[in-house]
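Step one of this worksheet: look at the structure below.
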Amino acid sequence: MNLSLGLIIGLALSATSFTVLLSAVGRAAPPEKRSMAMGIASAAGSFGQFIMLPSTLLLLKTVGWSSALMVSALLIALIMPLAWMLKGPSNQTPKAIAQPQLTFKQVLNIARKHKPFWWLALGFLVCGFQVVFLGVHLPGYLIDHGFDAATGTVFLALVGLFNIVGTYGAGWLGDRFSKPKLLMALYGSRGIAIIAFLLLPLSTYTVYAFGIIMGLLWLSTVPLTNGIVANMFGVKYLSMLSGIVFFTHQVGSFFGGWLGGVNHDLTGNYNAIWLCSIALSILGVIVHFFVNEEAVIHDA
């Protein structure tokens with residue numbers, strides 16, 4: 001169980017993550033349409049999640065876990081022929097041959113010395129902390145305040161639904177406006193939404209409104225962040241470098257889930273983590289002020 005569901009599926013999920021997918025999309029799309037293409041791909045993933053969660057639950061109830069797992073495996077197998085369509089041309093253009101080739105070690109060294117890259121990574125850590133804290137602990141927060149489990153389920157469903165709109169919209173805006181400034185607006189809006197949610201009287205309507213707003217802001221950071229990495233270093237190294245940035249997202253995700261649980265066990269509430277989420281929104285605004293999209297490595 002630990003080997004199959006833990007290690008193997010974990011590695012498989014990594015191979016189909018935003019890092020790999022958006023790198024392939026980034027190489028296939030022209031620079032002026034790259035951000036929107038990444039937004040469409042991210043929105044499609046969100047739509048799949050929105051559809052598969054209730055569908056999988058229905059399968060589990062009707063045919064059992066084994067058959068449900070087989071159906072899921074067959075659907076996943078469809079990725080293979082679709083992935084082949086994203087394969088780039090095998091031949092290099094004369095322009096690409098004429099450009100000096102950098103080794104991965106050289107590229108990593110350039111990225112290591114480029115401060116805006118690390119500011120961007122720090123901002124993505126903020127994103128991971130916030131989305132996992134809300135995704136894991138908000139249903140429990142609602143139960144603590146007298147709501148039933150269905151309210152939390154509807155909240156997450158609204159997040160998934162409106163995340164489709166948010167990621168697509170972020171990609172569209174990213175082709176037309178400064179991506180760092182858009183990220184500043186996104187993180188600032190998250191902080192304002194959290195403050196409003198905590199200050200307003202808690203009701204079903206405010207929960208659902210919060211779900212809609214957070215859905216619009218949920219993973220809208222993904223196409224913008226990956227678009228900035230592509231602009232900085234080109235699409236050739238996008239998978240490796242966006243993987244580093246996504247690693248910080250996952251570090252934030254771990255702490256968002258873990259600290260939320262630890263804090264609740266110790267205090268019986270989430271007050272400290274709510275305040276931390278607001279403070280991190282401010283941090284997200286600040287760090288992206290120092291991010292620019294200036295090319296460090298030009299595409300061949």
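Condition check for Glu293 on (1) in contact with a Gly (Cβ under 6 Å, 6 or more places away or on another chain); (2) closer than 21 Å to Tyr168 by Cβ: one failure, at (1). Looking at the structure I just gave you, is Ile244 within 30 Å of Ile297 (Cβ to Cβ) and among the aliphatic types (A, V, I, L, M)? When the stated conditions are applied, Ile244 passes them.
Checking each residue in the range 246-269 for being among the hydroxyl-bearing types (Ser, Thr, Tyr) and more than 18 Å from Cys127 (Cα to Cα) picks out only Thr267.
For the range 172-194, filtered to residues that are farther than 17 Å from Met36 by Cβ and among the hydrophobic types (A, V, I, L, M, F, W, C), the residue that is surrounded by the most Cβ atoms within 10 Å (Cβ to Cβ) is Ile194. Listed by position, the helices (runs of 4 or more DSSP H) enclosed by the range 115-200 that each have at least 2 residues that are over 23 Å from Phe233 (Cα atoms) and at pLDDT 95 or above are 115-144, 179-199.
The values are calculated or read from the model by the stated rules, or taken from the named source; none is laboratory data. Source: prediction; values computed, not measured. All Cβ positions, glycine included, derive from the backbone under ideal geometry; neighbour counts span all protein chains shown.
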